[in-house]
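Reading through the structure tokens given below for one structure.
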Amino acid sequence: MSSTVISDIATLVTNDPSLDGSPLGLVRNAAVVIEGDRVVWTGESSKAPATDNRVDAGGRTVLPGFVDSHSHLVFAGDRTEEFNARMSGRAYGAGGIRTTVAATRAAADAELEANLVRFLDEALRQGTTTFETKSGYGLTVEDEARALRLAARHTDEVTYLGAHIVAPEYAEDPAAYVALVTGEMLDACAPHARWIDVFCEKGAFDGDQARAVLTAGRAKGLHPRVHANQLSYGPGVQLAVELDAASADHCTHLTDADVDALAAGSTVATLLPGAEFSTRADWPDARRLLDAGVTVALSTDCNPGSSFTSSVPFCVALAVRDMGMTPDEAVWSATAGGAAALRRTDIGRLTPGAYADLTLLDAPSHVHLAYRPGVPLVAGVWRRGVRAV
């Protein structure tokens, strides 16, 4: 098995706190050794073992590939007009999803998959090596199942989101739609997914409906995730913690009890600053969560309506500028935090045994992700030991 050393790294982010006592586990003047698809050694460059191949990092930064644990990439259509109207003063609500549902239903499989691949390539060029993506723009048995089949060709982190909104055909009978989501649709979708999600929000699904969806999914072997407390206060976060959901995503409107529940449980609070940027909504208070001891992840929420960005570096900069996070916290949340939100220990860190998913920054420090917002700093990406960018 061929081995490669990446040497002359100015700053190596390992996310191994045993190395320097900090969550990022920083190593200066460092090297990483890759064998096959795994990291087998990290340390000072002068002490690196002999390998078959060598890559000179040129005094730049290496960190784990970003883990984007919340995205909606199987869709067709465009919502430019909605965004333009919102930037001109119209409020954001959940109803705009129906526009994408109509376009997605009308699209052929080849169009949906081509869009998916385009966005994944776009994300990879910006350092994302692991991504989760959801259904939720079909809302029929056939369309939800095909979305998951397409997604599963490109990632293991696939989420069934039949409960995104109530399908238009069931607008007058939401109970019947919940029955479909927890019955025939679930049966068709479960074989293609790892997770089940629900948008627990006014205009989508209330607490009782969300509980029914998540418990039905769990009975089929799917683990819960929750769109929680994005647009208003509600039961989503508490329900997520109660059902041991891997993550409660958005977490914009939180009571003290919500924060306490997250701090006491194992559910990660996944913050999605692209959504607040794109909707001009209030920012989540990351500082409040971190100070309470909550595990926080950062993700893009890439979708055509409320957060049409695939850039984790952009979200890192937003989190530092507007959500009270330090650069170190934001980088950890976009790597190890995302891994925690997917309940993975083999990604989001650069330690022996982890997948060799690395991002090379054209900068001497990871802090430049926030210090130089909007600048294309990603100079190289390795995914599973293969240089992809």
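The values are calculated or read from the model by the stated rules, or taken from the named source; none is laboratory data. All of these numbers come straight from a predicted model, not from anything done at the bench. We place every Cβ from the backbone using ideal geometry, glycine too, and count neighbours over all the protein chains shown. Accessible surface is based on the protein model in full, side chains and every heavy atom, while ligands, DNA and RNA are left aside. Shrake-Rupley method; radii C 1.70, N 1.55, O 1.52, S 1.80 Å.
Based on every Cα atom in the stretch 1-149, Rg and the maximum pairwise Cα distance Dmax equal 21.7, 61 Å. With the whole protein complex present, Arg60 retains an accessible surface near 60 Å², based on a 1.4 Å probe. What does the helix-only formula give at 222 nm for the chain: each DSSP H stretch with n ≥ 4 adding -39500 (n - 2.57), the total divided by the residues, and the result rounded to the nearest 500 deg cm²/dmol? Result for the chain, helices only: -10000 deg cm²/dmol. When you restrict to C-alpha pairs under 8 Å that are six or more residues apart and normalise by the size of the stretch 349-389, the relative contact order lands at 44 percent. 3J(HN,Hα) along the stretch 241-255, derived from phi through the Karplus expression 6.51 cos²θ - 1.76 cosθ + 1.60 where θ = phi - 60°, amounts to 5, 4, 8, 6, 4, 5, 8, 10, 10, 4, 6, 7, 10, 10, 7 Hz, with x in place of Gly and Pro. Put the Cα centre of the stretch 99-150 next to the Cα centre of the stretch 281-334 and the gap is 23 Å. Any idea which of Pro224, Leu239, Ala212 is furthest toward the positive side of the dipole for the stretch 181-251, if Lys and Arg beta-carbons carry +1 and Asp and Glu beta-carbons -1? Towards the positive end, the residue furthest out is Pro224. The residues of the chain expose on average 37 square angstrom of accessible surface per residue, using a 1.4 Å probe on protein heavy atoms. How high is the relative contact order of the chain, in percent, counting Cα pairs under 8 Å that sit 6 or more residues apart? Value for the chain: 20 percent. Across the stretch 378-383, coupling constants 3J(HN,Hα) worked out from phi with the 6.51/-1.76/1.60 Karplus curve, θ = phi - 60°, read 6, 9, x, 9, 10, 10 Hz, and Gly and Pro carry x. In the chain, the inverse of the mean reciprocal separation of distinct Cα atoms equals 21.0 Å; this is its Kirkwood hydrodynamic radius. Pairwise inverse Cα distances across the stretch 63-164, averaged and inverted, put the Kirkwood hydrodynamic radius at 14.4 Å.
Between the amide H of Asp249 and those of Val226, His227, Ala228, Thr270, distances stay under 5 Å, these residues lying 5 or more places away or on another chain, with hydrogens modeled in the peptide plane. Across Arg118, Arg149, Arg105, mean-square fluctuation computed from a Gaussian network of the chain (C-alpha pairs under 10 Å connected) peaks at Arg118. Expressed as a fraction of 2.2 N^0.38 Å, the value expected for a compact globular protein of N residues, the C-alpha radius of gyration of the stretch 173-263 is 1.05. Relative contact order, whole percent, for the stretch 266-359 stands at 27, derived from Cα pairs under 8 Å and 6 or more residues apart. Taking the protein heavy atoms of the chain in the context of the full set of protein chains, the accessible area attributed to carbon and sulfur is 50 percent at 1.4 Å.
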